[in-house]
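Presented below is the structure to which this report refers.
The values are calculated or read from the model by the stated rules, or taken from the named source; none is laboratory data. From a predicted model like this one, the values you see are computed outputs, not experimental measurements. Cβ: placed from backbone, ideal geometry, glycine included. Neighbour counts: every protein chain shown. Areas reflect the complete protein model, heavy atoms only, side chains present, ligands, DNA and RNA absent. Shrake-Rupley method; radii C 1.70, N 1.55, O 1.52, S 1.80 Å.
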There are 2 protein chains.
Amino acid sequence: MLVTQKKQYALRALFELARRSDQAPIKSSEIAEAQAIPPRFLEVIMAKLKRSGLVISKRGFHGGYLLARPPADISVADLFTALDEKDRPEACSACVGKSTCPFMKNCVFMPLWEEAHNAVERVFGRTSLQDLLDRDQAPS
Amino acid sequence: MLVTQKKQYALRALFELARRSDQAPIKSSEIAEAQAIPPRFLEVIMAKLKRSGLVISKRGFHGGYLLARPPADISVADLFTALDEKDRPEACSACVGKSTCPFMKNCVFMPLWEEAHNAVERVFGRTSLQDLLDRDQAPS
DNA sequence: AAGTTTCTCGATCTTAATAGTCGGGAAGAC
DNA sequence: GTCTTCCCGACTATTAAGATCGAGAAACTT
């Protein structure tokens, strides 16, 4: 999978928060229900998003989650890189850790992996939550 | 991983074939050694490349593998799609198989996954084995 | 203050995909 | 005929992803 289930869940969750960004904090369980996400799993996802500063949490009776920034200021790439840090370009498996690499210090493939990585980063970098909201309002 | 180990092995194998495309058939074991690939694993990879028509095989004493087409006519994308057929854009996990999908028939995310998928396809589609060879000759 | 409600944390389990192995068989060269 | 190489299918192992659970800490309510 190019985009893991977890990332898709996370995106849907943020989308749900964005959609109701005027309202009071939204409970994890509400989001889970609205977006058909396993509730317990969503909890761990939200916790991570909290730690990485994308959302703000409030505990207690009227607790829940809020976006930390306006939807236009959160890109899909922000989310993805927040979710897992080891999201860099492919390393050429032959060049890593082995002295048997046939392309010492001049790997032919690295540039290719980087290109690919950058290509998807650009797509996700230029799409914000607001963009997704807009698409929702005006179905093309 | 954006590009699995298997695909990287396969690419390196094809690269090795391209590099010596003037010569007689090259044994799987030779390729394995030259590119530091687990020999037994490479066999299954080569078999698949054979079946999908990217390489030609010859059995017996002076047997081995040859590229089926000139290096300039084989793109990295050709290889990857040959290796696994289920290499399409991400499906929105909420939309698939469930009637619980919150975005009935108007998914906001699908276009995004498609964009990303196309972006990497384009990178791999425009890079041929010959391109890689050239990079090897003239290190920038 | 007592009692909910909700987030928070860490460990754990399950499942699926990837990576890699093995033994034996068939085609071709010498 | 025998040696070499590709060929095939089943099998095992390792890892990453997906998901669950129980108990604890903050916060609100009455």
Going by the structure shown, is A:A72 more than 13 Å from DNA strand D (Cβ to nearest atom), at pLDDT 95 or above and within 12 Å of chain B (Cβ to nearest Cβ)? no
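Are any residues in the range B:35-92 more than 10 Å from DNA strand C (Cβ to nearest atom) and of a type in the set (D, E), and if so, which ones?
B:D73, B:D78, B:E85, B:E90
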Considering only residues that are open to solvent by 20 Å² or more (accessible area, probe 1.4 Å), facing chain A (nearest Cβ under 9 Å) and closer than 22 Å to B:R88 by Cα, which ones fall in the range B:122-136? B:R122
Which one of these does B:S52 not meet: (1) modelled with pLDDT under 95; (2) away from every other protein chain (no Cβ under 14 Å)? (1)
Criterion (within 14 Å of DNA strand C (Cβ to nearest atom), at pLDDT below 95 and among the small types (G, A, S)) met by exactly one of A:A32, A:A24: A:A24
Consider B:C92 against the criteria (1) part of a loop (DSSP other than H, G, I, E, B); (2) open to solvent by 50 Å² or more (accessible area, probe 1.4 Å): it satisfies all of them except one. Which criterion is unmet? (2)
For the range B:81-104, indicate whether the set of residues that are among the hydrophobic types (A, V, I, L, M, F, W, C), closer than 23 Å to B:R19 by Cβ and either touching a helix residue (DSSP H, G or I) at 6+ places or on another chain (Cβ under 7 Å) or modelled with pLDDT under 80 (or both) is non-empty. yes
Report yes if A:P70 is without any contact (Cβ under 8 Å) to a residue 60 or more places away in the chain, surrounded by fewer than 15 Cβ atoms within 10 Å (Cβ to Cβ) and more than 14 Å from A:K6 (Cβ to Cβ), otherwise no. no
Subset of the range B:13-58, residues more than 20 Å from B:R135 (Cβ to Cβ), out of contact with any strand residue (DSSP E or B) (no Cβ under 8 Å at 6 or more places or on another chain), touching a residue at least 24 places away in the same chain (Cβ under 8 Å) and of a type in the set (S, T, N, Q), comes to B:S52
Let me confirm something: among A:A32, A:A18, A:A10, which residue is within 13 Å of chain B (Cβ to nearest Cβ), of a type outside the set (S, T, Y) and either in contact with a Cys (Cβ under 9 Å, 6 or more places away or on another chain) or closer than 30 Å to A:E115 by Cβ (or both)? A:A10
